[in-house]
Each structure stands twice: as C-alpha cells, then as structure tokens.
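Data first, discussion second: the structure below is written as structure tokens.
The values are calculated or read from the model by the stated rules, or taken from the named source; none is laboratory data. Computed from a predicted model, the values in this text were never measured in an experiment. As a convention, Cβ positions derive from the backbone with ideal geometry for all residues, glycine included, and neighbour counts pool all protein chains shown. All accessible areas refer to the heavy atoms of the entire protein, side chains included, with ligands and DNA or RNA removed. Shrake-Rupley method; radii C 1.70, N 1.55, O 1.52, S 1.80 Å.
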Amino acid sequence: MNMNFLRNCRHTIETMMMNSNQNPSSDSHTTEEMEYSTPYYTRRAYHAGSWYSSDPHTLDNLLTKFLSDAENNNDDDDDDAADSTVVVGIGGIANACISPHAGFRYSGPTAAYSYLALKEALLTNSVLRTVVVLHPSHHVYLDGCAVSGASIIETPLGNLKVDHALRNQLLTSTTPKFEIMMDQSVDEEEHSGEMQYPFIAKIINDLNATRSENNKRLDIKILPIMVGSIKTNREETFGRLLSPYLCDRGIFTVVSSDFCHWGQRFNYTPQPSSSSHPINEIHEYIAALDKRGMDLIELQRPGAFADYLRECSNTICGRHPIAVWLHSIQASMLTHDVRFVSYDQSEKARSVRDNSVSYASAVARVAMFDG
C-alpha cells in the first residue's frame, strides 16, 4: 500500500473528525446515521458479471436455489449429502458465521449454509441492526484493519447502507486506532467482502417481502472491515477492541474466508505421506488438513489456531479475520458455540496437476446475551 494512499486516508479521517459534531459514546452506534461533510463513495458491484451474475433476476434465482438446497439438507436426516458435510441441531442465538468468497458457481452452495444463520438471526433477534463483514486483503499490504469508506454498497439485488455511526466509533477508538479507511479502488477491487453482499441483500429482501404492510420493514446496515496481514499479537489486540461490538446483540458478524488453496497455482502442494493411512488421495489429505484447523476454530482457541498455521502453513486466506474474530469472542463474557455446518472443495485433487480450493461454512451461536 503506497504512502500517498495512507496520507489521503488519514487526511480523510482527520477532516471527518473535525467536521463531526457528535462525540462517540458507548451506545452511539444505536442512533441514527451521523452526517459528515466528508464525501463518501458509493461502492460499485465491481465483480458482478464475472464472479457472479449482474442480472438481478438470474442472481436472485441462483441464490434462492442455493438457500433452498441448504434448508432441505438441514431438514434431511440422510447423512450422505454429496460432496459436503452438514452439521445440524445447534442451539442458541445465531450471531456470526464464517462464509467462503469464491465465485458463486464454486462456493455459493456452501456459503448458503452460513446465510441461513443470518436469516434465523433476523427472524429471532428484533434488535439486530448491523452486519459487520470481516474480510482479508488479497491485493494490498495492510498492517492493521481498515474500515470501508463507502456510504452505499451496491449489489444487483439492491443497495446496502453502511453504518456510519459504528464506523465513527471505531475510527475514534483508543489504541490501536483504525487509522485507515479503504479508498474506493481498494474497496472495489477486493472480492472477499463483495461476495458476501449479494447474500446479505437477498436475505433482507426475502424477509421484507414476507412482511405485512403494518409490519415495519427491516432496516439493516452493513460495515465492511478489511483485516490485514497482522501478527498474532495484533490479532489479539484488534479482537479485544472489536469484542464489545461483535458480541453486541445488535450486530451479526460475517467472517469471509476460503480454506486450503492447494496446487502449483498456489505454490502449496503438500501430499499424504506413507504414514498417513488411511488417507490415500490428495483431496482426502486436504480435507483432513482443513479439519484440523476447523476443529481449533470450533474450540475457539486462537493461539492453537496460530500454532497450527505456523506448523502446516495451510493457505487459509481469511486466517487473520478468523483469528481477530476468535479473539473477540474469547474476550467476551458470553458463551459461544461454534460449529462448521458445510464443507466442500472446488475439485477433488488426485495429482500434482490439479488445483483445489476448499470452502467451509460455520455458524456461531450464544447461549444468551447480557442485558
């Protein structure tokens, strides 16, 4: 990330703070959107037409199918669901999920399991007002966390409003500061956040369509946060900073991440050894490798997850957002239950000529919320 970008971002933040007449408070993110004199941008659906359809009807039908298939699998007692592993019957109030971010033809069926949790949360949690999306950076180096500078996020299924008040709280927080706001080009070129937005819009649209005229429509805002390539101690620091927000009953968190990227294309080709019995195929080895990390995420052990990554170097692109989120729930006083509900691979790798990306969806629930 070049210095001009950093200087421009810091200038934008300083100007915004000087022109804001509202001081942050512990509950200011529950108030109406704050107006700033600093112009924000409208984030375009930059990857529409390539990573997913830009046609609203086509996209809506595709996501409807993904969500319907996921619901049907959750209701099916048959454990032999093809090419995926499904876990059902988790108790508690849904407040977060892990969702993949590849093109919808690859990861959409897996991501749908995550978004059933958002649907459930909106149906059962009347105070839910904001979806925070923690996503990695694939194109710029960032030693910290950056909030989106958008005011509106476009999707083919309708626009999503950004939570200005929550963003202002984070930008005026104590150490470490969220010193950087993404500019429009950085925001739009990063796909890992964008691949969540159509699903979020779809869930909100579907629920609003079922509401009667006398029933107030859902007014859900969003706040994307890019988590950079930060060291483990910084993951913990940002996790603790975000904990009061991500564990607030009014917020649902989406953690965007794919899992193992295997193949020469990704410069990562570990293979089963002779001692790996009964694992024979490469795709079985990949699944076992991913499962080790998934088990540690379910156990909510960010330190052990970091050790695992150092040991095997698994190419989980959202490892930093996952770690920040794990530290945030570890720092809370709430009892969380984290379960992976679906897993798949883009290809069943059998030789070094193959390439594969793994997709996993997890749902986090809390036994109860304070207050």
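Let me confirm something: among 371, 303, which residue is modelled with pLDDT of 95 or more and farther than 25 Å from residue 116 by Cβ?
303
Taking segment 143-155 as the region of interest, how many residues are crowded, with 20+ Cβ neighbours inside 10 Å and in a loop (DSSP other than H, G, I, E, B)?
The number of residues fulfilling the criteria is 2.
Checking residue 273 against (1) open to solvent by 70 Å² or more (accessible area, probe 1.4 Å); (2) at pLDDT below 95; (3) farther than 30 Å from residue 171 by Cα, which test does it fail?
It fails just one condition, (1).
Residue-by-condition table, conditions (1) among the aliphatic types (A, V, I, L, M); (2) open to solvent by less than 50 Å² (accessible area, probe 1.4 Å):
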position: 328; (1), (2): no, yes
position: 339; (1), (2): no, no
position: 342; (1), (2): no, yes
position: 351; (1), (2): no, yes
position: 358; (1), (2): no, yes
position: 362; (1), (2): yes, yes
position: 366; (1), (2): yes, yes
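Just checking, which of 116, 134 is surrounded by fewer than 24 Cβ atoms within 10 Å (Cβ to Cβ) and in contact with a helix residue (DSSP H, G or I) (Cβ under 6 Å, 6 or more places away or on another chain)?
Only one candidate qualifies: 116.
Pick from 279, 322, 297, 316: which is of a type outside the set (Asp, Glu), in a loop (DSSP other than H, G, I, E, B) and either on the phi > 0 side of the Ramachandran plot or surrounded by 18 or more Cβ atoms within 10 Å (Cβ to Cβ) (or both)?
316
Have a look at 298, 281, 311 and point out the one that is in contact (Cβ under 8 Å) with a residue 60 or more places away in the chain and over 30 Å from residue 202 (Cβ atoms). Explain how you work it out, then say what you get.
Values: 298 fails: over 30 Å from residue 202 (Cβ atoms); 311 fails: in contact (Cβ under 8 Å) with a residue 60 or more places away in the chain.
Sole residue among the options that is in contact (Cβ under 8 Å) with a residue 60 or more places away in the chain and over 30 Å from residue 202 (Cβ atoms): 281.
Tell me which residues, restricted to segment 79-113, are modelled with pLDDT of 50 or more and β-branched (Val, Ile, Thr).
90, 93, 98, 110
Which residue out of 220, 225 is open to solvent by less than 10 Å² (accessible area, probe 1.4 Å) and closer than 30 Å to residue 62 by Cβ?
None of the others qualify; the one that does is 225.
So if I check each of 27, 76, 69, which one is farther than 16 Å from residue 169 by Cβ, at pLDDT below 95 and either open to solvent by 50 Å² or more (accessible area, probe 1.4 Å) or not small (Gly, Ala, Ser) (or both)?
76
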